[in-house]
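Peer 1: The structure under discussion is supplied below as structure tokens; questions concerning it will follow.
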């Protein structure tokens, strides 16, 4: 995979209450990824960008919510893809260090 693709696969970390709990308990991190990204691409991108070893990877598609505006119109948010990445023991990602 070329370097341009590596940096377009991972869109950013997904920070929520659930992702914080799994991060503390299982050395697992959640990322928002490109909708056309495959598991091998995500694994290679995480290993290359953060210089860690990925032990396990789970990917899921998140359906966009349907919202109603104040005028009564119905709008739908975009669908997106999320990846849960478990790292080998001794490896960790510090998002505060990355600038």
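Peer 1: Select from 41, 17, 88 the residue whose mean-square fluctuation is largest in a Gaussian network model of the chain (Cα-Cα springs shorter than 10 Å).
Peer 2: 17
Peer 1: Pairing the Cα long axis of helix 17-26 with the longest principal axis of the chain, what angle in degrees results, from 0 to 90 and rounded to the nearest 10?
Peer 2: Its long axis makes an angle of about 20 degrees.
Peer 1: Per residue, what volume in Å³ does the Cα convex hull of the range 60-99 take up? Kindly include the intermediate steps, with their values, before the conclusion.
Peer 2: Values: hull volume 4.8 nm³, N = 40.
Normalising the Cα hull of the range 60-99 by residue number yields 120 Å³.
Peer 1: Where does each of 85, 15 land when they are ranked from fewest to most other beta-carbon atoms within 10 angstrom? Don't skip to the answer; put the middle values down first.
Peer 2: On the way: 85 25, 15 13.
Result, fewest neighbours first: 15, 85.
Peer 1: Here's another thing I want to ask about it. Binning at 10 angstrom from zero up to the longest distance, how are the C-alpha pair distances of the range 3-87 distributed in percent?
Peer 2: Over the range 3-87, the share of Cα pairs per 10 Å bin runs 16, 45, 25, 11, 4 percent.
Peer 1: GNM, the chain, Cα, under 10 Å: largest mean-square fluctuation among 18, 32, 76?
Peer 2: Ranking 18, 32, 76 by mean-square fluctuation puts 76 first.
Peer 1: Angle, helix 39-50 long axis vs. longest principal axis of the chain, Cα atoms, 0 to 90°, nearest 10?
Peer 2: 60
Read-outs throughout are calculated quantities, based only on the coordinates presented, and are distinct from any laboratory measurement. Only a predicted model underlies this, so the values are computations on that prediction, with no experimental measurement involved. In this analysis, Cβ positions are derived from the backbone assuming ideal geometry, glycine residues included, and neighbour counts consider all displayed protein chains.
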